[in-house]
Amino acid sequence: MRRFKLQVQVSVDGYMAGPDGEMDWMTFPWTDDIGAHIDALTKPVDHIVLGRRLAEGFIPAWAAGPEGETEESIAWMNNTPKTVISDSLTESPWEGVAVAGGDLTETVNRLKERPGGDIIAYGGATLVRNLIARDLLDELHLFVNPVALGAGMPVFPDTGSHHRLSLVAARPFECGITALHYEPKRS
């Protein structure tokens, strides 16, 4: 079965965005070592999952070929099949992008049962918290930026219980970001 990974930028105090969705706190520019790490992380990936709000900016930004990105990265982002999780969209406004609504667990299980490589989710906040709350992720790749926000959109939902994780790897990068790779502890 395919593995479902999360890759998310996070502050040291656990937020993936500021209180109003601000992302201006993220560390840039990245260094070559983090670029190589992300290339290795995404090499087995052949499907991207996004929340609707993130997709509205993410898909057009990559289609426009963002500055500072390699042609190879831009091609990979644009050519990799995507599913946008949304209960408000009935059809995709983006060419070649599927929209899935309804039961999130069923949607993820259908994606994982298909043949293919790994699946990666980049967010947004609501999708990430729902994936974690429903224990649908096989790997969590938290890219911890050297900044504390004090408030914002947390990565982990308040479900009334703990989210137990096993650390697989931790790697600091020259730009100051540290990648933490966790897997959920399942009974």
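The values are calculated or read from the model by the stated rules, or taken from the named source; none is laboratory data. From a predicted model like this one, the values you see are computed outputs, not experimental measurements. Every residue, glycine as well, gets a Cβ built from its backbone with ideal geometry; the counts of neighbours run over all protein chains shown. Accessible surface areas use protein heavy atoms only, side chains included; no ligands, DNA or RNA. Shrake-Rupley method; radii C 1.70, N 1.55, O 1.52, S 1.80 Å.
Suppose the filter is on the phi < 0 side of the Ramachandran plot, of a type in the set (Lys, Arg), without any contact (Cβ under 8 Å) to a residue 60 or more places away in the chain and open to solvent by 40 Å² or more (accessible area, probe 1.4 Å); does residue 43 pass it? Taking the combined requirement at face value, the residue satisfies it. Look at the range 138-158: where a residue is touching a residue at least 40 places away in the same chain (Cβ under 8 Å) and in a loop (DSSP other than H, G, I, E, B) and a partner is open to solvent by less than 20 Å² (accessible area, probe 1.4 Å) and among the aromatic types (Phe, Trp, Tyr), sitting 6+ places away or on another chain with Cβ atoms under 7 Å, you get 138/4.
Output the residues belonging to the range 84-106 that are surrounded by 12 or more Cβ atoms within 10 Å (Cβ to Cβ) and either in a strand (DSSP E or B) or not hydroxyl-bearing (Ser, Thr, Tyr) (or both). If the condition is that a residue be surrounded by 12 or more Cβ atoms within 10 Å (Cβ to Cβ) and either in a strand (DSSP E or B) or not hydroxyl-bearing (Ser, Thr, Tyr) (or both), then 84, 85, 89, 93, 94, 97, 98, 99, 100, 101, 104 are the ones that fit. For the range 126-175, a tally of residues being among the small types (Gly, Ala, Ser), touching a strand residue (DSSP E or B) at 6+ places or on another chain (Cβ under 8 Å) and surrounded by 14 or more Cβ atoms within 10 Å (Cβ to Cβ) returns 1. Filtered by the rule that a residue be under 18 Å from the mean Cα position of the chain (by Cα) and open to solvent by less than 70 Å² (accessible area, probe 1.4 Å), the range 50-65 gives 50, 51, 52, 54, 55, 57, 58, 59, 60, 61, 62.
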